[in-house]
Amino acid sequence: LVKREFRLSQAENLKESNRHQAAHIGIKLKAVGCGIAPLTDWDTEMFQFTPEEIEKLAEMEHERWNEERLLDGWRYGVQRDAEKKISPYLVPYAQLSEEIKEYDRNTVREMPAFLAMAGFQIKSHSG
């Protein structure tokens, strides 16, 4: 029963984390001179971030994730243990391995498609 309750708790935490991540999209976009607009032309080419924007936004996402975890009682530890809320990834972005950084980069790369599913698109304020 305890394991089942833990899994349910984890599922709720994941949903809440996803909501926080979605709420942070506007902040990230503003940091690279972009915004959100209604998607009016479904045939338009999907927005793509530059490699520099991807890196900046990935670092911002990792910082957001770190803050979220720390506020939820997680702490740094060499071995991940979800039940004890221990993670080896509660470090600055620069200290992550390339493999782990790629998770944050993929989150950024998927942002245009995620927004399109909700009927929105990314617009650059410069173009």
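The values are calculated or read from the model by the stated rules, or taken from the named source; none is laboratory data. Just so it is clear, the structure is predicted and the values come from calculations on it, not from any experiment. Virtual Cβ from ideal backbone geometry, glycine too; neighbours counted across all protein chains shown.
Conditions tested, residue by residue: (1) on the phi < 0 side of the Ramachandran plot; (2) in contact (Cβ under 8 Å) with a residue 24 or more places away in the chain; (3) in contact with a Phe, Trp or Tyr (Cβ under 7 Å, 6 or more places away or on another chain).
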{"residue": "GLU55", "(1), (2), (3)": "yes, yes, no"}
{"residue": "MET60", "(1), (2), (3)": "yes, yes, no"}
{"residue": "GLU68", "(1), (2), (3)": "yes, yes, no"}
{"residue": "ASP72", "(1), (2), (3)": "yes, yes, no"}
{"residue": "VAL78", "(1), (2), (3)": "yes, no, no"}
{"residue": "LYS85", "(1), (2), (3)": "no, no, yes"}
{"residue": "ALA113", "(1), (2), (3)": "yes, yes, no"}
{"residue": "SER124", "(1), (2), (3)": "yes, yes, no"}
From the option list LEU57, LEU39, LEU8, LEU14, single residue qualifying as out of contact with any Ser or Thr (no Cβ under 8 Å at 6 or more places or on another chain) and at pLDDT 95 or above is LEU57
